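Before any comments, here is the structure.
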Amino acid sequence: GFTMYVYSQLGISLPHGASDQYALCTPVTTAERAPGDLVFFTTYEPGASHVGIYAGNGLFWSATSSKGVRLCSLSEPYWRSRYYGAKRVLVSGDRSYR
């Protein structure tokens, strides 16, 4: 819900779940990652089950159940071992994902 909410503030509609967002967004490599890209992790189930917003310099915003929204490092052992990939949100004229 966090990424869906943030992007909605920009007028961009995203689906709710991490796996749905992963399926619809455009892949980017580690070298191509830019602030605003989505970073995905395998946490409670196989595949993309958690998503955050890349902030740059190896950091990303993540909504956690215990600590609220916090800035995390992709190099933290927990996140590094669960990293699934990065994707970019591309929007069409109606500001929906494509």
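Condition first: surrounded by 15 or more Cβ atoms within 10 Å (Cβ to Cβ), outside any loop (DSSP other than H, G, I, E, B) and of a type in the set (Ser, Thr, Tyr). Now tell me which residues in the stretch 20-46 satisfy that.
Matches in the stretch 20-46: Tyr22 only.
Restricting attention to the stretch 1-11, and to residues there that are surrounded by 15 or more Cβ atoms within 10 Å (Cβ to Cβ) and in contact (Cβ under 8 Å) with a residue 24 or more places away in the chain, which single residue is nearest to Thr64 (Cα to Cα)? Quick ask: steps written out before the conclusion?
So the first thing to find is which residues in the stretch 1-11 are surrounded by 15 or more Cβ atoms within 10 Å (Cβ to Cβ), and the list is 2-4, 6-7.
Adding the requirement that they be in contact (Cβ under 8 Å) with a residue 24 or more places away in the chain leaves 2-3, 6-7.
Values: Phe2: 10, Thr3: 12, Val6: 15, Tyr7: 18 Å.
Selected residue: Phe2.
Keeping to the stretch 47-98, report how many residues are modelled with pLDDT under 90 and either of a type in the set (Phe, Trp, Tyr) or open to solvent by 50 Å² or more (accessible area, probe 1.4 Å) (or both).
Count: 9.
The values are calculated or read from the model by the stated rules, or taken from the named source; none is laboratory data. Small disclaimer: the values here were computed from a predicted structure and weren't measured. In this analysis, Cβ positions are derived from the backbone assuming ideal geometry, glycine residues included, and neighbour counts consider all displayed protein chains. Side chains are part of the model used for accessible areas, which takes the heavy atoms of the whole protein and leaves out ligands, DNA and RNA. Shrake-Rupley method; radii C 1.70, N 1.55, O 1.52, S 1.80 Å.
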